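Novice: I have a structure I would like to understand better, so I am pasting it below and will then ask my questions one at a time.
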Amino acid sequence: EPEVTQTPSHQVTQMGQEVILRCVPISNHLYFYWYRQILGQKVEFLVSFYNNEISEKSEIFDDQFSVERPDGSNFTLKIRSTKLEDSAMYFCASSGQISGNTIYFGEGSWLTVV
Amino acid sequence: GIQVEQSPPDLILQEGANSTLRCNFSDSVNNLQWFHQNPWGQLINLFYIPSGTKQNGRLSATTVATERYSLLYISSSQTTDSGVYFCAADTGTASKLTFGTGTRLQVTL
């Protein structure tokens, strides 16, 4: 079964540094997402992306965050000037349609900011 | 936005027992999914079920959209079923899933 792949699986970074999390969505999917889960809490929506632009974003997704699809396969989340509270599991997801379709999640990238 | 509530928050079962997990949502949905988060943090897709009933092996799910709830049934539970079960729903057109707080399941020998 096709899957969403994410790298790195775990990253430790110092506060104030920039981090890029990478994702390869399922190949024929058109809609891409990032979600975040702080340890022990529920999964939260960050941003959706379609046709090379952001479709929707949550209040969490402020100027510190950006997304990009630099080529035909990768989808990245950049976090600038990381803070301790950015420590979380970040999930990439993709779907074939904008609505009424299964959203498939990657295995997650665990970010620890020290 | 939509509210998604899950019950019970915690559940301990002996291996072989059956269980029912519930998800209530506050608005009409066009996407409802059940996930299993394993001890390594991975989110495993179980069902896409905005309405109706589906079965996959020992797991089945039913969503009654008119009454705004969904149920996940686990039969003959195994220790590998342990983890957190999330339901997530979306009402709009951007597939912005709102997750519930999860049911933490522990299956013991």
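The values are calculated or read from the model by the stated rules, or taken from the named source; none is laboratory data. Keep in mind that this is a model prediction, so the values were computed, not measured. With ideal geometry, Cβ positions are generated from the backbone for all residues, glycine too; neighbour counts draw on all protein chains shown. Just so you know, the surface numbers come from the protein's heavy atoms only, side chains and all, with ligands and any DNA or RNA stripped out. Shrake-Rupley method; radii C 1.70, N 1.55, O 1.52, S 1.80 Å.
Novice: Show me the strands (runs of 3 or more DSSP E) entirely contained within region B:21-109 in which 3 or more residues are more than 12 Å from every other protein chain (Cβ to nearest Cβ) and more than 18 Å from B:S7 (Cα to Cα).
Specialist: By residue number, B:52-56.
Novice: Could you please give the count of residues in region B:84-109 that are open to solvent by less than 10 Å² (accessible area, probe 1.4 Å) and either among the polar types (S, T, N, Q) or on the phi > 0 side of the Ramachandran plot (or both)?
Specialist: The number of residues fulfilling the criteria is 3.
Novice: Hey, does region A:13-22 have a residue that's in a strand (DSSP E or B), at pLDDT 95 or above, closer than 25 Å to B:F35 by Cα and within 11 Å of chain B (Cβ to nearest Cβ)? Full working, then the answer.
Specialist: In the first step, residues of region A:13-22 are kept if they are in a strand (DSSP E or B); the result is A:13, A:19-22.
Of the ones still in play, those that are also at pLDDT 95 or above are A:13, A:19-22.
Now restrict to residues that are closer than 25 Å to B:F35 by Cα: A:21-22.
Applying the additional criterion that residues be within 11 Å of chain B (Cβ to nearest Cβ) yields none.
Scanning region A:13-22 turns up no residue that is in a strand (DSSP E or B), at pLDDT 95 or above, closer than 25 Å to B:F35 by Cα and within 11 Å of chain B (Cβ to nearest Cβ).
Novice: Also, quick follow-up: Being of a type in the set (S, T, N, Q), within 11 Å of chain B (Cβ to nearest Cβ), over 24 Å from B:Q37 (Cβ atoms) and more than 11 Å from the chain's Cα centre (by Cα), is that true of even one residue in region A:51-58?
Specialist: yes
Novice: Let me ask you something else. Could you please find all residues in region B:18-49 being without any contact (Cβ under 8 Å) to a residue 12 or more places away in the chain and either aliphatic (A, V, I, L, M) or surrounded by 14 or more Cβ atoms within 10 Å (Cβ to Cβ) (or both)?
Specialist: Correct list: B:G41, B:Q42, B:I44.
Novice: Could you tell me whether any residue of region A:68-87 is within 14 Å of another protein chain (Cβ to nearest Cβ) and more than 15 Å from the chain's Cα centre (by Cα)?
Specialist: no
Novice: Let me ask you something else. Which condition number in (1) surrounded by 15 or more Cβ atoms within 10 Å (Cβ to Cβ); (2) among the polar types (S, T, N, Q); (3) more than 15 Å from A:F61 (Cα to Cα) is the one that A:Q37 fails?
Specialist: (3)
Novice: Can you go through A:E56, A:E3 and tell me which one is open to solvent by 50 Å² or more (accessible area, probe 1.4 Å), within 30 Å of B:P50 (Cβ to Cβ) and not in a loop (DSSP other than H, G, I, E, B)?
Specialist: Of the residues listed, the single one that is open to solvent by 50 Å² or more (accessible area, probe 1.4 Å), within 30 Å of B:P50 (Cβ to Cβ) and not in a loop (DSSP other than H, G, I, E, B) is A:E56.
Novice: Could you please let me know if B:E15 is in contact (Cβ under 8 Å) with a residue 60 or more places away in the chain, open to solvent by 50 Å² or more (accessible area, probe 1.4 Å) and under 11 Å from the mean Cα position of the chain (by Cα)?
Specialist: no
Novice: Right, here's the next one. Which of the residues spanning region A:78-114 are at negative phi, part of a loop (DSSP other than H, G, I, E, B) and open to solvent by 60 Å² or more (accessible area, probe 1.4 Å)?
Specialist: A:R80, A:K83, A:Q97, A:E107, A:V114
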